[in-house]
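Asker: Below is the structure I would like to discuss, written out as structure tokens.
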Amino acid sequence: MKLILLIDIFGTVAFAISGVLTALNKRLDPFGILIIAFVAAVGGGTLRDILIDAPVSWMRNLTFIYVIFGSTIFAVIFRKRLGYIRRSLFLFDTIGIALYTIVGVEKGIAAGFHPTICIALGTITACFGGVLRDILCNEIPIIFRKEIYATACILGASTYFLLHFSRIPEDFIVIISGSVVIIIRLMAVYFKLSLPSIYTNEEMEN
Amino acid sequence: MKLILLIDIFGTVAFAISGVLTALNKRLDPFGILIIAFVAAVGGGTLRDILIDAPVSWMRNLTFIYVIFGSTIFAVIFRKRLGYIRRSLFLFDTIGIALYTIVGVEKGIAAGFHPTICIALGTITACFGGVLRDILCNEIPIIFRKEIYATACILGASTYFLLHFSRIPEDFIVIISGSVVIIIRLMAVYFKLSLPSIYTNEEMEN
Amino acid sequence: MKLILLIDIFGTVAFAISGVLTALNKRLDPFGILIIAFVAAVGGGTLRDILIDAPVSWMRNLTFIYVIFGSTIFAVIFRKRLGYIRRSLFLFDTIGIALYTIVGVEKGIAAGFHPTICIALGTITACFGGVLRDILCNEIPIIFRKEIYATACILGASTYFLLHFSRIPEDFIVIISGSVVIIIRLMAVYFKLSLPSIYTNEEMEN
């Protein structure tokens, strides 16, 4: 339990910092940076909670607000040195989306939704913070364009369900399906994979 | 009842394909295309359900998810030939917004809202999928700029209420007010009508 | 009570007109202008109500819909002369955000949220109408870039809580914390203050 909370906090740090970096890139002011960090970190979970009509989680647990606040200040101050911890950030982010995916799936199951919807909820939890971050910064969301990111979440969430109907204990299911997300994401970045392009060369030139 | 479901499905197909076309235009990857198709098809109804605090409809009925999934694959594969079915698509889309408008109005009435709010809910159901589609693709929503689209919905929804207080049976009211949406939309496109410009020539040049 | 309603209406007028001006700038059609005015005026309160799972306020009280409708028509017709009333508009807007901030804080308290969340709710109520207005017009929200606007709301909402634990009567708390918002906003504009830039000259040139 402690471990999951710790991972969740590191994931939130990674998401918040991704927000800060996007906001800095757009030369936003301190308030704008804070909002973008906040939306990047809790946007996906908020959308999920609104869709399933559950209480919005960050409004009842202040830990994450303080984590986001701290991460934002840290990232703004050390923004020129974030390059050095880029790998750590990427790792946190990857573990973060794995965890967020599982949390979303489990909340969907608890609310009695169909597996397809639960997979969608897991993916929304992990991905829509980034989508809202990019929209607020007036960019087409990056995950719609070039990363195997959502795909990793969808496959991890699907794994969760395949195992859910077996006799494997809950804890192992979480670890295995979370690992699927992480491994696919790491491999995609390492081998520079992306979803197969559906465009012909001719189309790309236009 | 069967007929309405069938029309609803054709409307969803038309909306999903409109999303695919917008996403292809922005060169999104397959995941991005799917999300835009999804948002275009169910975004308006989702916003309506959140506003009136009702369960989000596509989360409890998977038919539409499969329809959207199928339409997206179809549209991506046959994207170069969609020109040939453009007229059919336009017709589905027009019948779709008529139906979505009525559904929105009826949900508003069932929840006990004032007629003005119900008309707004009908218009939101029919139009906000397209608004969200355009925002996710980083465009100013097209219906804010040049089409008699929302206006047709507003007039159809208003017709519904004018007749609602008469003795005309429910079914006829649906058919008549739906037809108002369809006829206005078809005439607007046929005669190339748009809302009167409020800008002087001088303003448009700036 | 009458006074607060009156201020609320003037605030709504100011927000709606800010929406009209943004929409005119983008050459939207009359329907688009109306929607942007509407979103600018009620968007913040709507997001707040959805987050705390309360009924959306404008859906149960039509006064504001009529006020927004009237303000939009007025602003479109007299758009070339709005320069003359710019100061009045700015004053309404400033009083409006003060009031919206307090309303948001009080709704948060009534729903039993932690002070930090209540301050966030007050700021969201006052600021997110403008954020949604700018996103729908495909702009990076102006309050993320250059105005002491959200900061005034945050400080006003914090003042509310500092006084909330004293023996000062409710009415005075509202007046004092509202005044804090107004005074900070007026001083910021008068002395051309903005949040301290966190960017070096070198960064701004890139």
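Values in this text are rule-based calculations from the coordinates and carry no lab data. All values derive from a computational prediction rather than experimental measurement. A quick note on method: Cβ atoms are made from the backbone with ideal geometry, for glycine too, and the neighbour counts reach across all protein chains shown.
Asker: Summing +1 for each Lys or Arg and -1 for each Asp or Glu, what net charge is found among the other residues whose Cβ lies under 13 Å from the Cβ of A:Glu139?
Answerer: Details: positive: A:Lys26, A:Arg133, A:Arg145, A:Lys146, B:Lys26; negative: A:Asp134, B:Glu139, C:Glu139.
Net of charged neighbours comes to +2.
Asker: Okay, moving on. A 26 angstrom limit on the alpha carbon distance is what I want to check against. Which of B:Lys192/C:Lys26; B:Lys192/C:Lys80; A:Lys26/C:Lys26; C:Lys107/C:Lys192 exceed it? Intermediate values should be presented prior to the final figure.
Answerer: Details: B:Lys192/C:Lys26 22 Å; B:Lys192/C:Lys80 29 Å; A:Lys26/C:Lys26 21 Å; C:Lys107/C:Lys192 32 Å.
Listed pairs above 26 Å: B:Lys192/C:Lys80; C:Lys107/C:Lys192.
Asker: While we're on this one: Do any trypsin sites (Lys or Arg not before Pro) in the range C:23-129 lie in a loop, going by DSSP, with at most 11 other beta-carbon atoms within 10 Å of their beta carbon, and if so which?
Answerer: C:Arg60
Asker: Could you pull the copy-to-copy label distances for B:Ala54, with points set 7 Å along Cα to Cβ, in nm to one decimal and sorted shortest first?
Answerer: 2.4, 2.4
Asker: A follow-up question, please. Could you give the dipole magnitude of the range A:1-113 about its Cα centre, charging the beta-carbon of Lys and Arg +1 and that of Asp and Glu -1, in debye to the nearest 20?
Answerer: On the way: 11 positive and 6 negative charges, 107 e Å.
Using only the charged Cβ atoms, the result is roughly 520 debye.
Asker: Relative to the Cα centre, what is the charge dipole magnitude of the range B:2-195, using +1 at the beta carbon of each Lys and Arg, -1 at the beta carbon of each Asp and Glu, and rounding to the nearest 20 debye? Present the calculation step by step, with values, prior to reporting the outcome.
Answerer: Details: 17 positive and 11 negative charges, 141 e Å.
Magnitude of the dipole: close to 680 debye.
Asker: Return P(r) of the range A:100-163 (all Cα-Cα pairs; 5 Å bins starting at 0; whole %; ordered from short to long distances).
Answerer: 4, 21, 26, 20, 14, 10, 4, 1
Asker: Got the A:Phe165 label distances to the other copies yet, label 7 Å along Cα→Cβ, in nm, shortest first?
Answerer: Spacings between copies for this position, smallest first, are 5.5, 5.5 nm.
Asker: While we're here: For B:Lys80, go 7 angstrom from Cα along the Cα-to-Cβ vector, then report the distances to that same point in the other copies in nm, smallest first.
Answerer: 5.3, 5.3
Asker: Further, regarding this structure: Computed FRET efficiency, Cβ-Cβ of C:Ile183 and C:Leu6, R0 22 Å: what is it to the nearest 0.05?
Answerer: Values: r = 21 Å, r/R0 = 0.94.
So, using R0 = 22 Å, E works out to roughly 0.60.
Asker: Can you run phi through the Karplus equation (6.51, -1.76, 1.60; θ = phi - 60°) for the range C:122-130 and list ³J(HN,Hα) in whole Hz, with x for Gly and Pro?
Answerer: Ordered by residue, 3J(HN,Hα) equals x, 5, 4, 4, 7, 9, 7, x, x Hz.
Asker: Once a ≥ b ≥ c are taken as the square roots of the eigenvalues of the Cα gyration tensor of the protein assembly as shown, is the result rounded (a/c under 1.5), prolate (a/b larger than b/c) or oblate (a/b not larger than b/c)?
Answerer: Numbers: a/c = 1.43, a/b = 1.00, b/c = 1.43.
Here the protein assembly as shown falls in the rounded category.
Asker: I've got another one for you. Within chain A, which is the longest segment that contains none of the chymotrypsin sites (Phe, Trp or Tyr not before Pro) sitting in a DSSP loop with at most 10 other Cβ atoms within 10 Å?
Answerer: Values: sites that count: A:Phe165, A:Phe191.
The reported range is A:1-164.
Asker: Let me ask something else about it. Set Lys and Arg Cβ to +1 and Asp and Glu Cβ to -1, take the dipole of chain B about its Cα centre, and tell me which of B:Cys118, B:Tyr199, B:Ala16 lies farthest positive.
Answerer: B:Ala16
Asker: Once you have the Kirkwood Rh of the range C:2-205 from its Cα pairs, apply Stokes-Einstein at 4 °C and 1.567 mPa s and quote D in µm²/s.
Answerer: On the way: Rh = 17.4 Å.
Once the numbers are plugged in, D ends up at 74 µm²/s.
Asker: Something else about it: Between A:Ser197 and C:Ile168, what is the label-to-label distance in nm when each label sits 7 Å out along the Cα-to-Cβ direction?
Answerer: If labels sit at A:Ser197 and C:Ile168, their model points lie 6.3 nm apart.
Asker: Please report, in debye to the nearest 20, how large the charge dipole of the range A:75-175 is about its Cα centre when each Lys and Arg carries +1 at its beta carbon and each Asp and Glu carries -1 there. Mind dumping the intermediate values first?
Answerer: Values: 10 positive and 7 negative charges, 106 e Å.
The calculation lands at about 500 debye.
Asker: Related question: In a shell of Cβ-Cβ distance under 15 Å around C:Gly19, excluding C:Gly19 itself, what net charge do Lys and Arg (+1) and Asp and Glu (-1) give? Display every interim value, and only then the final one.
Answerer: Numbers: positive: C:Lys26, C:Arg27, C:Arg79, C:Arg133; negative: C:Asp29, C:Asp93, C:Asp134, C:Glu139.
Net local charge, C:Gly19 excluded: 0.
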